[in-house]
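Working notes, structure below.
Derivation of every value follows stated rules applied to the coordinates shown; laboratory data play no part. For clarity, every value in this text was computed on a predicted model and none was experimentally measured. Quick reminder, even Gly has a Cβ in these numbers, built from the backbone with ideal geometry, and neighbours come from all protein chains shown.
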Amino acid sequence: MDRFVINGNKRLKGTIRVNGSKNASLPILAASLLTEGESTIKGVPDLSDTQHLCYLLERLGMQVTREEKGDIKLRVEDEMNCHAEYDLVRKMRASVCVMGPLLARRGRAQVSLPGGCNIGYRPIGLHLQGLEALGADVELIGGDIHLKAKKLRGAEVFLGGPFGSTVLGTANVLMAACLAEGTTVIECAACEPEVTDLADYLNKCGARITGQGTPRITIEGVTQLRGCEHEIVPDRIEAGTFIIASAITNGDVKIENCRLDHLLALVDRLRAIGVNVERTADGMVQVSSARRLEPVTITTQPYPGFPTDLQAQAMSLLCLADGNSVVTEKIFPDRFVHVAELNRMGARLRKEGPTVIVEGVKHLVGAPVMASDLRASAALVLAGLVAKGTTTVSRVYHIDRGYDRIEQRLNALGADIRRVPE
Ligand code: EPZ
C-alpha cells in the first residue's frame, strides 16, 4: 500500500490533459459481451478499476488486449461462464454491469450481490426490477443473484428511486434491452454523459437506441450486435478535480480534453465562489481564481445537477472560503468520510445529517490523513496541495482506482507529491 507525501503551499501552473472517463469505460467494456466480432475501445484510462473489469471479462470468456495509447481490443471467445464471483465484485462494485449483457446474450447471469461500501448504502434493487420487467427470473442464492431468461421482451421500465435514477441500473437495462424482442422504454433513465456514451457505442454496434441523455430512452430490440471502434468520452470528474486543483492553489492551469458542457453545474458554483473558468481559443479550459473565495451553497443532484463525485473536492475548496458554506448530499447521504480527515488539517466542518456546514478558515495545515474512498482521497490530495507543511495521505490505492498517476500529472504543474511505499 502506497502513501503520498505532499509538500503543500504550491501554486499550480501549466497544462494538464484529461483522460477518458472511468465511469463510461466500465459499462462500455462490459457491453462488448453483447457483440460478435471485435471491438476497439480507445482512450480507456489505465486504472485498477478498468484492469479489474478486463480481468472479469477474461474470466467470462473474452479475449482482452490492451494496446499502446490505452486502446483495448475485445472479442468474445467462449460463452460458457456466466458467473461474476464475490471476490471480483467485492473489489469493484461496478462489476454488476455485466449482469444485463450476460442475461441478454447468454440467457443467464450469476453475479455476487455487492456488499456495503465506503460511500454508504448502495442497493441494486432497481437494476433487478428493470431486468425482471424485461422477463428475467431473479433469485438470490448464497449471496449471488441468479438471473435467467429464455427470451427477453421489450417493456416499459421505470427506474426512479428515492434518490433519483440509477446510472449503472440504466446501463444494465439499456444493454439487456438491445437484444430483447420489441420495444423498451426506460422512464426516469439516468441522463449522465456516461450513459449517453454507452448508448452511442451500442448504436455503432447496430443497436437502435434513441433519447439517450434524456429521462426517456427508447430501445428497439435487434437480433445481433457487432463489434465496432469507439472513443471514450473525456472524464468529467477528473476534469472537475483538476479545475478545483487550480482553484484551490490560486493557480493558473489550462485543461486539455475537457468537456465543459458536461460540467456546467460545477462551473456555475465556481463562478459564484470567484473562480474564473473560461474556454480558450485553442479549445482548452483555463482556470484562475481571485484570492478571496466566496462561500456558497452546493447540493448534489443527478446530472445535470452538481455531481456527487465532485462533492468532496469542492468541500476542500470551500474550507478556504471567506464565510460559511453549506454542502448537502442528495445522492449518497453518508458520503462524508473526508469530513473528519479535513478537520485534522484545520478545517472547520460540522456534519448535520446529509449536510455539512463549512466554516471557512484562513489556511489548512498539513497532517497525516487516511484515504477511504476514491473521491474523498482526491479531496485530501487537493487539501494537501494548498496546506502549509507536509500532508501524508495513506492508502492511496483508493485514488489509483480512478486517477491514472495523479501525482506525476500534478507534479508536472508544480506540485510536490512523492509516492512512498507504506
Ligand atoms: C455511479 O454509481 C457511479 N459509478 C458512481 O461513481 C457515482 O457516484 C454514481 O453513479 C452517482 O452518480 C460508476 O459509474 C461505475 P446509482 P451507481 O445507482 O450507478 C440509489 C465514483 O467515485 N439506488 O446511480 O452505482 C443509490 O443508493 C463513483 O466514480 C437505489 O436506490 O450509482 C443512490 O442513492 C462512486 N436503488 C442513487 O440511487 C438501486 O437499485 C444513485 O446511485 C440503485 C441505486
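Figures for the structure shown
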quantity	calculated
Ellipticity estimate at 222 nm from DSSP helix runs (n ≥ 4, -39,500 (n - 2.57)) divided over the chain, nearest 500	-9000 deg cm²/dmol
For the chain, built as a Gaussian network whose Cα springs stay under 10 Å, the top-fluctuating residue of Gly43, Gly346, Gly142	Gly142
Rounded to 10°, Cα long-axis angle of helix 193-204 versus longest principal axis of the chain	30 degrees
Centre separation in Å (Cα based) which lies between segment 141-190 and segment 221-237	18 Å
Protection-proxy order for peptides 133-139, 281-287, each taking the mean of Cβ atoms within 10 Å per residue, highest first	133-139, 281-287
Where only alpha carbons of the chain are counted, the Rg and the Dmax (Å)	21.4, 63
Candidates per trypsin sites (Lys or Arg not before Pro) in segment 73-157, loop by DSSP, up to 16 other Cβ within 10 Å	Lys150, Lys151
Helix 22-31 axis, angle to the chain major axis (alpha carbon atoms, nearest 10°)	10 degrees
Flagged links, alpha-carbon separation over 19 Å, of Lys150/Lys204; Lys22/Lys254; Lys10/Lys69; Lys73/Lys150; Lys22/Lys148; Lys10/Lys362	Lys150/Lys204; Lys22/Lys254; Lys10/Lys69; Lys73/Lys150; Lys22/Lys148
Linear extension gain, Asn9 paired with Thr390, 0.36 nm per residue minus alpha-carbon span	136.2 nm
Computed magnitude of the charge dipole of the chain (debye, nearest 20; Cβ of K, R +1, Cβ of D, E -1)	1020 debye
Filtered trypsin sites (Lys or Arg not before Pro), segment 349-422: DSSP coil and at most 10 other beta carbons within 10 Å	Lys362
